[in-house]
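Since the structure comes first, as structure tokens, the remarks are kept for the end.
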Amino acid sequence: MSWFHLVRVKVNWTALLILAHFTYLLIGAIIFQMLEREAESNNRNHFQLEKLNFLANYTCLDGPALEKFVQVILYAWEKGVNPSGNSTNPSNWDFSSSFFFAGTVVTTIGYGNLSPSTMSGQVFCVFYALCGIPLNLAFLKQLGKCLTIHLGRLERGMVAVVPHKRAVEALAVSLFFITGSLLFLIIPPLLFSYVEGWTFGEGFYFAFITLSTIGFGDYVVGTDPGKDYISLYRSLAGIWIIFALAWLALILNMGARIMENLVILTHPGFKKHDEEDKEVSSSKLEVTSKI
């Protein structure tokens, strides 16, 4: 009877997660469509109008010639070449930019504004990602452990001053969250906004899209041909990404633990079922080892 109740709870919880996940996707699709479809239509109409005006001003060109030139521009953009400016634009494959690109590969951000165009580069990128992604995960895990150790030391130091353990834990986590937010989510967008000429909202948007590893590629640092960047600018941005991802992963793990504790407090049965599930798994392992 207890096993049947456990299975029923698990099935209900799984069904609830599936329903919530796809409902969330549907809601997102509807809202994005409402917010973006009209703007896309306006941009498309504006582009067609600009093409007609261009043809009217330059009568030596015809429609097919202009379309061919547009295709050349699109091809250049897909290959990572900025069509604006001239051939003296900074290279996308200098050391700093290459270091930044390597970081986007192993962190699976993949902005999409730059990719290998040669066959040898594409083959190397595949094997580099196969080895680099697990290495990056191991590095982030170890870095998260180091941050957890420092957080524990902070808690113990505060407990020595304030005897209330629960309050100290909450205060330490809050300080860790606030400090990390300043270092990784507030100050970097301010710097990016200053260097790139973005608004703070655009800088914060870039930071969040980057650290969530979504990486749309609509905003990328160090890609404006009209600006003179310092040589290590994109390399420093890559280092920021690595450490910020470790901090964010730790914050997400802490949030998951808090949610789990809240569920256990509000539904004590879940803890009992989890313990029963662990007992069943351990007994199965014992039987298997005996066989």
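General observations
- Local net charge near LEU151, Cβ-Cβ under 12 Å (Lys/Arg +1, Asp/Glu -1): +1
- Legend: residues VAL221, VAL72, sorted from most to least accessible area (1.4 Å probe; ligands, DNA and RNA excluded), read VAL72, VAL221.
- Between SER181 and HIS150, the contour length at 0.36 nm per residue exceeds the alpha carbon distance by 9.5 nm.
- Of the whole protein surface, ARG257 contributes about 140 Å² of accessible area at a 1.4 Å probe radius.
- Probing with 1.4 Å while keeping every protein chain in the model, the per residue accessible area of region 19-166 equals 77 Å².
- Prolate/oblate/rounded label for region 146-224 (Cα gyration tensor, a/c 1.5): prolate
- A full extension of the chain between ILE239 and PHE47 corresponds to an added length of 65.3 nm, given 0.36 nm per residue minus the alpha carbon distance.
- Two-site FRET efficiency, ALA65 against ALA39, from Cβ-Cβ distance with R₀ of 35 Å, rounded to 0.05: 0.75
The values are calculated or read from the model by the stated rules, or taken from the named source; none is laboratory data. Nothing here was measured: the structure is a model prediction, and the numbers come from that model. Cβ coordinates were reconstructed from backbone atoms using ideal geometry, including for glycine residues, and neighbour counts include every protein chain displayed. The protein model used for the area step is the full one, side chains on, heavy atoms only, and it has no ligands, DNA or RNA in it. Shrake-Rupley method; radii C 1.70, N 1.55, O 1.52, S 1.80 Å.
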